[in-house]
Amino acid sequence: MAQQVDRVALITGASQGLGRALAAALAERGWTLVIDARRGDRLAAAAADLGERTDVLALAGDVTDPAHRARLATAIEELGRLDLLVNNASTLGASPLPALDAIDLDVVRRVYEVNVVAPLALTQLVLPQLRAASGTVVNVTSDAGVEAYAHWGGYGSSKAALEQLSAVLAVEERGVRVLVVDPGDMRTEMHQDAFPGEDISDRPRPDASVPGILALLDGGHPSGRYRVPALVP
């Protein structure tokens, strides 16, 4: 029998950056968390910290692996509910970022597997629980999904695809809220990889984006695309 819990969130890529910052904020609010990341050591450290504030289940693995996604879905089934799915795990594909005339097509395939296919596949698996809870899907995107930046074609086009999938999902699943969230530039490892050797210390820390995301979760904002910097005073 599924155990009785209050609000449950499943967050991918939660060992660092925005995923960990959002997980910390939800932990403070008493949410039960299921988190994942590829690097087991970093995920364990995050889980130990979060576990001081709430119940946490950490499952290390790659979101492109069907068996790993099945384990995440099984964890949600055992908890008995899902109020929030955050598809945060993402990849640039290569650093430095290549132009489209030189990008390796295997890199493009990997980017799409991580940034598009995996979020859709995981969403499919947990939709029954999201429907039952009238839950929310947060798909993390980027301005590169709507603006044309040189060398960002692989990553940017994958985010554009994720945004269109999200828009269609919102039409098809009227009982589930689908938020496409652009957190803006952040001082993260992935952002540093996009600008190797450059100083990105002027970018905000990931936790600066969390109040805007919480405002979206708390408010009556309908399904749609939102820029976090516009939501934070």
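The values are calculated or read from the model by the stated rules, or taken from the named source; none is laboratory data. Small disclaimer: the values here were computed from a predicted structure and weren't measured. Ideal geometry is used to build each Cβ from the backbone, glycine not excepted, and the neighbour counts take in all protein chains shown. All accessible areas refer to the heavy atoms of the entire protein, side chains included, with ligands and DNA or RNA removed. Shrake-Rupley method; radii C 1.70, N 1.55, O 1.52, S 1.80 Å.
Below, the figures for the structure above:
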item	result
Residues satisfying the stated conditions in region 192-231, i.e. among the polar types (S, T, N, Q) and either surrounded by fewer than 15 Cβ atoms within 10 Å (Cβ to Cβ) or at pLDDT 95 or above (or both)	Ser201, Ser223
For Arg39: the one exception among (1) under 24 Å from Pro128 (Cβ atoms); (2) surrounded by fewer than 19 Cβ atoms within 10 Å (Cβ to Cβ)	(1)
Helices (runs of 4 or more DSSP H) within region 1-103 that include 2 or more residues in contact with a Pro (Cβ under 6 Å, 6 or more places away or on another chain)	17-28
Given (1) crowded, with 21+ Cβ neighbours inside 10 Å; (2) modelled with pLDDT of 95 or more, index of the condition Thr64 fails	(1)
Subset tally (residues that are part of a loop (DSSP other than H, G, I, E, B), open to solvent by 20 Å² or more (accessible area, probe 1.4 Å) and not charged (D, E, K, R)) for region 116-147	3
Subset of region 166-184 that is surrounded by fewer than 18 Cβ atoms within 10 Å (Cβ to Cβ) and within 27 Å of Arg20 (Cα to Cα) - its residue that is nearest to the chain's Cα centre (by Cα)	Gly184
